[in-house]
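Down below is the structure, laid out as C-alpha cells.
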Amino acid sequence: MMGIVVTGHGHFPTGILSAVALVAGWPDHTVGIDFEEGQSPEDLKKSMEKSMESLEGDEILILTDLLGGTPFKMGAAIKAENPDRKIKVVAGVNMAALVEAVFSRSMYDLEELAAAIIRSGNAGLADLDYLGCDGEEPEFEDGL
C-alpha cells in the first residue's frame, strides 16, 4: 500500500489526521510529522525520513501544509535525494484532499492520486453564499 506522510507547521499534521480518524478511523500506512517551534529544518527532515522507512510500499505521498514552507522544502529535498524511489510532494493539503488520499490510494498510481487529491482539495473549498441556497439552509446528505 502506498505510504502517506502528512507534514506541516505546528500540530497541523497530527491535528488533521485526528480529524480524519474521528470521521473514518485512523488511516493505515499514514503518519503525521509536526514541525514544531524550536525544531530545525534538518530535524524535521530526519523525522520525515525515519517515518518513511516505517511505511510499507514503493510509493510515498508527502502532503504538506504550505507551498514553499519548510515542510514542503524538506519533502522536496528528500525526493531529490532519492531519485530511485517513487515520491510525490503535494502542498496545500486540506481535509477533503487527505480523505481522498487515504481512501483512494488503492485505486490510483502515485501520479493519478496526486491529481485526484488536488481536485478534491479544490472542490472542498466553498463559499456558503455561492452554494445556491438563496437564504435557505443548504441541503446536504448526512454529515460526517
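The values are calculated or read from the model by the stated rules, or taken from the named source; none is laboratory data. Values in this document were obtained by computation on a predicted structure and should not be read as measured data. Neighbour counts run over all protein chains shown; Cβ positions are idealised from the backbone, glycine included.
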Select from the range 21-50 the residues that are under 12 Å from GLY8 (Cβ atoms) and either in contact (Cβ under 8 Å) with a residue 60 or more places away in the chain or of a type in the set (Val, Ile, Thr) (or both) and list them in ascending order. ILE33
Does the range 51-74 contain at least one residue that is surrounded by 16 or more Cβ atoms within 10 Å (Cβ to Cβ), in contact (Cβ under 8 Å) with a residue 12 or more places away in the chain, among the aliphatic types (A, V, I, L, M) and in contact with a His (Cβ under 9 Å, 6 or more places away or on another chain)? yes
Which one is surrounded by the most Cβ atoms within 10 Å (Cβ to Cβ) among residues in the range 89-127 that are of a type in the set (Ser, Thr, Tyr) and either over 23 Å from HIS9 (Cα atoms) or at pLDDT below 95 (or both)? TYR108
Residues satisfying the stated conditions in the range 4-63, i.e. farther than 24 Å from ALA115 by Cα, touching a Pro at 6+ places or on another chain (Cβ under 8 Å) and either part of a helix (DSSP H, G or I) or modelled with pLDDT under 95 (or both): LEU44
Could you tell me whether any residue of the range 33-40 is more than 17 Å from SER106 (Cα to Cα) and small (Gly, Ala, Ser)? yes
